[in-house]
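*Asks:* I'd like to ask you about the structure that follows.
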Amino acid sequence: MISEQSDIAIVGAGPTGLAAALALAHAGAGVALVGSPPVPQSPQRLDTRTAALLQSSIDMLRALGVFDDLKPHAAPLLAIRIIDDTGGLFRAPDVEFRASELGLEAFGYNIANSLLVEALYRRASSEPIAHHPVTVDRIALSPSSATLSADDGFTLTAKLVVGADGRHSICRKAAGIGGSERRYGKGAIATSFAHAVPHRGVSIELHRQGGSMTTVPLPDPYASSLIWLGDDAEIEALMALDAEAFTAALEQRLGGLLGGIGETSARGHFPVTVLAADSMTGRRTALVGEAAHVLPPIGAQGLNLSLRDAATLADCVKPALKQGRDPGADAVLRAYEAARKPDVLTRTVGIDLLSRSLLSGFLPLQAARGLVSHGLNALPPLRRLVMRLGMAPPTELPSLMRPGAGGRQVATAHGPVQA
Ligand SMILES: Cc1cc2nc3c(=O)[nH]c(=O)nc-3n(C[C@H](O)[C@H](O)[C@H](O)COP(=O)(O)OP(=O)(O)OC[C@H]3O[C@@H](n4cnc5c(N)ncnc54)[C@H](O)[C@@H]3O)c2cc1C
């Protein structure tokens with residue numbers, strides 16, 4: 001029987017939980033991380049599941065001392081090209097957004113999930129963070145503390161429990177936080193593939209009736225990761241194909257965009273869902289990552305949003321700890337809820353609308369999409385505005401994500417300087 005105490009207990013050692021553990025430890029909290037550690041994997045040319053992390057997330061990884069380890073395995077995203085392949089009456093013109101238009105070296109980096117989680121875990125192991133590799137099965141919340149327990153007799157008492165335990169969060173349920181979930185009747189395949197024409201750092205979003213396909217550069221100039229979205233039946237049929245038939249289907253869908261297709265990696269199959277918790281907080285509880293919000297894999301938003309949760313929670317807890325106050329007090333939780341609501345709401349509603357617009361065959365919507373694309377091509381200020389909205393939350397960035405927190409170079413009129 002192990003019985004421990006901590007300021008803050010984090011449930012879940014996925015990417016969000018690990019980032020939250022590091023951010024909160026940096027804020028001066030005594031942190032206990034509860035959850036299974038990652039299974040070590042070696043870097044692969046074609047990783048199945050990757051995450052495109054925007055510059056602010058990369059700044060956070062830098063500030064946490066994780067990015068140097070990852071950079072050799074990370075591919076910079078220099079441009080995003082959007083192609084309308086819906087076959088509608090009003091075909092929208094192609095739009096290409098370039099990071100250089102915002103004075104950035106890159107919009108962000110594409111990183112294999114497995115390598116990201118391992119790098120975060122290595123870093124967390126080198127910090128004074130107590131790690132308990134168990135699965136929590138009970139949480140009791142009282143007005144003054146939270147007690148977590150697991151089957152083997154493990155118990156842990158903390159002032160604040162951080163639910164980083166994914167979409168089926170036990171923390172969300174224990175705190176009595178409800179939520180709404182929307183299934184689109186769609187699925188996604190995540191895989192990677194080799195191609196004959198170099199990607200040149202360009203991510204391609206190919207939109208068509210009923211689904212979309214996004215390629216994201218990998219560190220090898222002749223390899224990209226892929227998210228293929230479609231109706232459940234179509235995705236199931238694609239999953240059932242052997243490697244050769246899948247390659248042929250992919251080559252046909254891409255229509256020669258990256259030249260001939262070579263090897264493809266294992267395919268992962270994910271449901272397309274939007275889940276939004278009614279609140280990010282409950283008694284002695286703060287939710288982060290997919291425990292609070294699940295987005296469809298469109299527009300590379302999910303993990304970026306989750307990292308902003310982790311960094312914001314650290315900002316809310318830090319002043320309380322500095323003044324010797326309770327990190328799980330209602331005032332801290334209210335500050336976290338207020339700071340995260342606008343960002344989470346705009347992303348979940350925005351991605352929901354985007355998904356429905358992209359999947360729509362409704363003529364006025366097609367025409368509107370075409371007009372917006374014309375405007376984006378013709379008006380550089382509008383392009384820059386859209387890029388900034390996609391890159392950053394509507395509120396101020398949390399301190400770990402501000403340029404300078406991790407020593408990123410920023411471009412100025414006089415050349416790059418250390419921020
Ligand atoms: C196909 C696909 C592509 C994506 N691409 C991108 C992208 O390009 N950019 C982007 O920003 N986002 C992307 N996302 C979203 C991103 O992958 C997720 O937001 C992210 O993985 C969520 O991480 P998490 O730590 O919140 O949850 P999870 O990864 O689900 O981690 C939860 C952890 O909690 C543990 N856990 C659960 N219950 C318990 C318990 N009771 N006790 C202890 N531990 C527990 C689990 O074992 C797990 O380790 C993509 C998602 C998909 C499906």
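The values are calculated or read from the model by the stated rules, or taken from the named source; none is laboratory data. Predicted, not measured: the structure shown is a model, and the values here were computed from it. As a convention, Cβ positions derive from the backbone with ideal geometry for all residues, glycine included, and neighbour counts pool all protein chains shown. Remember, those area values only see protein heavy atoms, side chains included, never the ligands or the DNA or RNA. Shrake-Rupley method; radii C 1.70, N 1.55, O 1.52, S 1.80 Å.
*Asks:* For Y109, all conditions in the list (1) closer than 30 Å to T285 by Cα; (2) within 15 Å of the ligand (Cβ to nearest atom); (3) surrounded by 19 or more Cβ atoms within 10 Å (Cβ to Cβ) hold save one; what is the number of the exception?
*Replies:* (1)
*Asks:* Tally the residues that are surrounded by fewer than 22 Cβ atoms within 10 Å (Cβ to Cβ) and of a type in the set (A, V, I, L, M, F, W, C), restricting the search to segment 1-24.
*Replies:* 2
*Asks:* Of all the helices (runs of 4 or more DSSP H) wholly in segment 1-75, which have at least 1 residues that are within 9 Å of the ligand (Cβ to nearest atom)?
*Replies:* 15-26, 55-63
*Asks:* I would also like to ask the following. Scan segment 270-297 for residues that are more than 9 Å from the ligand (Cβ to nearest atom) and hydrophobic (A, V, I, L, M, F, W, C) and jot them down.
*Replies:* Across segment 270-297, the qualifying residues are V274, L275, A276, A277, M280, A286, L287.
*Asks:* One residue is enough: does segment 242-260 have a residue meeting the conditions open to solvent by 40 Å² or more (accessible area, probe 1.4 Å), in a helix (DSSP H, G or I), hydrophobic (A, V, I, L, M, F, W, C) and within 14 Å of the ligand (Cβ to nearest atom)?
*Replies:* For segment 242-260, residues open to solvent by 40 Å² or more (accessible area, probe 1.4 Å), in a helix (DSSP H, G or I), hydrophobic (A, V, I, L, M, F, W, C) and within 14 Å of the ligand (Cβ to nearest atom): absent.
*Asks:* Let me confirm something: among A329, A320, A292, which residue is modelled with pLDDT of 95 or more and crowded, with 24+ Cβ neighbours inside 10 Å?
*Replies:* Every option except A292 fails the conditions.
*Asks:* Oh, and also: Looking at this structure, is A266 in contact with a Ser or Thr (Cβ under 6 Å, 6 or more places away or on another chain) and either open to solvent by 10 Å² or more (accessible area, probe 1.4 Å) or more than 9 Å from the ligand (Cβ to nearest atom) (or both)?
*Replies:* yes
*Asks:* If L275 satisfies all but one of (1) part of a helix (DSSP H, G or I); (2) open to solvent by less than 20 Å² (accessible area, probe 1.4 Å); (3) of a type outside the set (K, R); (4) modelled with pLDDT under 95, what's the number of the condition it fails?
*Replies:* (1)
*Asks:* If a residue has to be open to solvent by less than 20 Å² (accessible area, probe 1.4 Å) and at pLDDT 70 or above to count, how many in segment 345-361 make the cut?
*Replies:* 1
*Asks:* Same structure again: Among the candidates R138, R167, R172, R200, single out the residue that is on the phi < 0 side of the Ramachandran plot and either touching a Ser or Thr at 6+ places or on another chain (Cβ under 7 Å) or away from the ligand (no atom under 15 Å from the Cβ) (or both).
*Replies:* After ruling out the rest, the residue left standing is R138.
*Asks:* I'd like the full set of residues that are within 13 Å of the ligand (Cβ to nearest atom) and out of contact with any strand residue (DSSP E or B) (no Cβ under 9 Å at 6 or more places or on another chain), limited to segment 122-135.
*Replies:* Listed by number, the list is empty, since nothing qualifies.
*Asks:* Another question about this same structure. Cβ-Cβ under 7 Å, sequence separation 6+ or interchain: first residue in segment 19-31 and of a type outside the set (F, W, Y) and modelled with pLDDT of 95 or more, partner part of a loop (DSSP other than H, G, I, E, B) and open to solvent by 20 Å² or more (accessible area, probe 1.4 Å). Which pairs?
*Replies:* If the second residue must be part of a loop (DSSP other than H, G, I, E, B) and open to solvent by 20 Å² or more (accessible area, probe 1.4 Å), the pairs left are L22/E127; A25/E127; A25/P128.
*Asks:* If you don't mind, there's one more thing I want to ask. Return yes or no: is A196 among the small types (G, A, S), modelled with pLDDT of 95 or more and open to solvent by 50 Å² or more (accessible area, probe 1.4 Å)?
*Replies:* Working: among the small types (G, A, S): yes; modelled with pLDDT of 95 or more: yes; open to solvent by 50 Å² or more (accessible area, probe 1.4 Å): yes.
Judged against the criteria, A196 is a match.
*Asks:* Are there any pairs, at least 6 apart or on different chains, whose C-beta atoms fall under 6 Å, with the first in segment 164-183 and under 20 Å from T135 (Cα atoms) and β-branched (V, I, T) and the second open to solvent by 40 Å² or more (accessible area, probe 1.4 Å) and within 14 Å of the ligand (Cβ to nearest atom), and if so, which?
*Replies:* none
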